[in-house]
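Asks: This is the structure, below, for whatever I ask next.
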């Protein structure tokens, strides 16, 4: 008895710092923000209880809120599938045997290491300027230059391209998944006369589907919380015409620029719910397309 | 994955900041009252007379690189003069500055000396973040060479929440050589809005921009004053003008110039990275509408002769006003308020210090400093000093400092003026929507 308790104590001491940190820096602030979301809090004076006012205003009296939701959904719906597709494509290519494979893998992963940082966003801003490299390329191809900063949709695509370009982390996970597919499956399929096309769709994709699910969920959550590139590229404003006003950027502006911290907290909680619901939906639908070998149902 | 974690961390921080604030604020009220107690202060005075105590002051300001450079030198100069004082600088650009200051206020950790803007003076002052400087006048901050009017510019109600750091006026700053290019030798000093439109169209015809647009809250505010109206009502609880036609008239004009191409559209301007990149500097625009203190930096970068022109009329005098370009405030949570006030005194009254500042923060308020600077000023600075001197007799008193919520209103303004410029909304509709949204923000001040 006593020894068990002592053993436990050691364990508690070891996890203590994490538990403390979690309580102090995550759980307590989260509940504080839940409370604040029902108040009018401007950072300066004590919060005033306003009930559901913030939530009501969000859904009925704030066109910018809907705009930011729309922009964020476009960003997620446009960006995540593209990014996954791209990551998978590169992973398949890198899964082949080549002598310089290590070099390629490093090169393709590089954007993700430096990704999300301020410097990359600034570089991206310059690339897409009116006289930037992208427009020069378009013109060299005989196409019209795009005013990336003048058209709200073009500006959003610019952000999406940035996120697609940073596909490295999902690519690495795909690569690991690919390496896990036993080569014997492919051999057997080849013997049966399956071509590369059906090998990919009948073996690779089903075998990879749990990894795809994992990546899809992680990328969706990440995309919902994207902040830095929109902040830098639009100089903190979400322009042009709110075209890059991602949810988290609007939340930040409400909290720290307009000092409506109560409203920002309410926004944060709605975002949490949205992400939770989306994740649940992804999980629910997964039984139709995710294949787990251990179930042995195929 | 890493990014996700980073963002999670960011949000935790947001929650954390929001969370800590509620506790911290109650303390503000408590410590504020004890500090204001007279016994505490006179005790400190007595101590100081015996031997100077070591003090650490934090001084925060916004600005560009040149301002950071000379301000650091001013601090050095002060520390040399008072070796017991150690000043810790905190600086950023304008936008980041306010984003940093708000959480500091919530955490009750504002810097001792804060460079303050008119748009935020009410917000910080009325919510108990700033010290009323009235008791420090004369005994610590010497105002014998400063006009009462200049001092009063920092008042919110009866309290002096900021000390005027310099004076500003709005005008049009332009390149006379480019003006000649469009076939105009000289601007008529008494020009009207109609003449301005004509000139702008001439510039367009010559392949130039006439200007780079007008910040709506500043220049619409000026326009309203020329019509005897004001942007905000006296107590800051609603917009101050009744007739939306004024909004429609002003913005039809400005957005019309964007549509015709005489003024660049917001898309073009979004790519201007700083003053070095400004269309005027690059020789693509004839002028800029802005504050006089910005003329010095502009002139430096453009490195060719520029001139200043009055605002268009009619009724210019009613519209023009002298504005404190910025203030120096002392935070309520400062433990060394007197020392902070002493630094403010140095900043506005010391001649050697102002030889470094040279009117970058607006034309100095002290007549002695102004006199002493005259011989060493560069031509651009002389122009600014002269202009402000002219405006002293050709302007009317300033409106009260902007009400709480101004930052949000400026954003609404910006958003609608951008939409009008892109032709996405008619001025009539924007006028209505702006009124609704701005009044909703201001109604919170009731």
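The values are calculated or read from the model by the stated rules, or taken from the named source; none is laboratory data. Worth saying up front: this structure is predicted, and the values here are computed from it rather than measured. With ideal geometry, Cβ positions are generated from the backbone for all residues, glycine too; neighbour counts draw on all protein chains shown.
Asks: What's the total number of residues in the range A:57-74 that are surrounded by fewer than 17 Cβ atoms within 10 Å (Cβ to Cβ) and away from chain B (no Cβ under 13 Å)?
Replies: 4
Asks: When the range B:128-150 is examined, which residues are found to be in contact with a strand residue (DSSP E or B) (Cβ under 7 Å, 6 or more places away or on another chain), within 17 Å of residue B:334 (Cβ to Cβ) and not in a loop (DSSP other than H, G, I, E, B)? Reasoning before the result, please.
Replies: Kept after step one, since they are in contact with a strand residue (DSSP E or B) (Cβ under 7 Å, 6 or more places away or on another chain), are these residues of the range B:128-150: B:129-134, B:141, B:143, B:145-146, B:150.
Retained after the next criterion (residues that are within 17 Å of residue B:334 (Cβ to Cβ)): B:129-134, B:141.
Result: B:130, B:134, B:141.
Asks: If you don't mind, another one. So residue B:442 clears everything in (1) more than 14 Å from chain A (Cβ to nearest Cβ); (2) modelled with pLDDT of 90 or more; (3) closer than 24 Å to residue B:152 by Cβ except one condition, right? Which one?
Replies: (1)
Asks: Counting only residues that are over 17 Å from residue A:163 (Cα atoms) and touching a residue at least 60 places away in the same chain (Cβ under 8 Å), how many does the range A:92-144 have?
Replies: Adding up the residues that qualify gives 4.
Asks: Which pairs have Cβ atoms under 9 Å, sit 6 or more apart or on different chains, and link a residue in the range B:263-278 that is more than 7 Å from chain A (Cβ to nearest Cβ) and within 16 Å of residue B:423 (Cα to Cα) to one that is modelled with pLDDT under 80 and surrounded by fewer than 19 Cβ atoms within 10 Å (Cβ to Cβ)?
Replies: Going by the 9 Å Cβ cut-off, the qualifying pairs are B:264/B:272; B:268/A:130.
Asks: Now a separate question. One residue is enough: does the range B:277-287 have a residue meeting the conditions under 15 Å from residue B:169 (Cα atoms) and out of contact with any strand residue (DSSP E or B) (no Cβ under 6 Å at 6 or more places or on another chain)? Before you say what the answer is, go through the steps one by one.
Replies: Quick first cut of the range B:277-287, residues under 15 Å from residue B:169 (Cα atoms) only: none.
No: zero hits.
Asks: A further question on this structure: State the number of residues belonging to the range B:134-161 that are more than 18 Å from residue B:369 (Cβ to Cβ) and buried (at least 23 other Cβ atoms within 10 Å of the Cβ). Break it down into steps so the answer makes sense when it comes.
Replies: Just the residues of the range B:134-161 that are more than 18 Å from residue B:369 (Cβ to Cβ), to begin with: B:134-136, B:139, B:152, B:155-161.
Of the ones still in play, those that are also buried (at least 23 other Cβ atoms within 10 Å of the Cβ) are B:160-161.
The qualifying residues number 2.
Asks: What tally of residues in the range B:101-127 results from selecting those that are assigned to a loop (DSSP other than H, G, I, E, B), surrounded by fewer than 20 Cβ atoms within 10 Å (Cβ to Cβ) and either more than 11 Å from chain A (Cβ to nearest Cβ) or under 20 Å from the mean Cα position of the chain (by Cα) (or both)? Give the derivation first.
Replies: In the first step, residues of the range B:101-127 are kept if they are assigned to a loop (DSSP other than H, G, I, E, B); the result is B:107-112, B:117, B:127.
Filter once more, so that each one left must be surrounded by fewer than 20 Cβ atoms within 10 Å (Cβ to Cβ): B:107, B:109, B:127.
When the remaining residues are screened for being either more than 11 Å from chain A (Cβ to nearest Cβ) or under 20 Å from the mean Cα position of the chain (by Cα) (or both), the result is B:109, B:127.
The qualifying residues number 2.
Asks: Have a look at A:222, A:238 and point out the one that is closer than 30 Å to residue A:132 by Cα, free of Cβ contacts under 8 Å to residues at least 12 places away in the same chain, buried (at least 21 other Cβ atoms within 10 Å of the Cβ) and in contact with a helix residue (DSSP H, G or I) (Cβ under 7 Å, 6 or more places away or on another chain).
Replies: Working: A:238 fails: free of Cβ contacts under 8 Å to residues at least 12 places away in the same chain.
Within the list A:222, A:238, the selection yields A:222.
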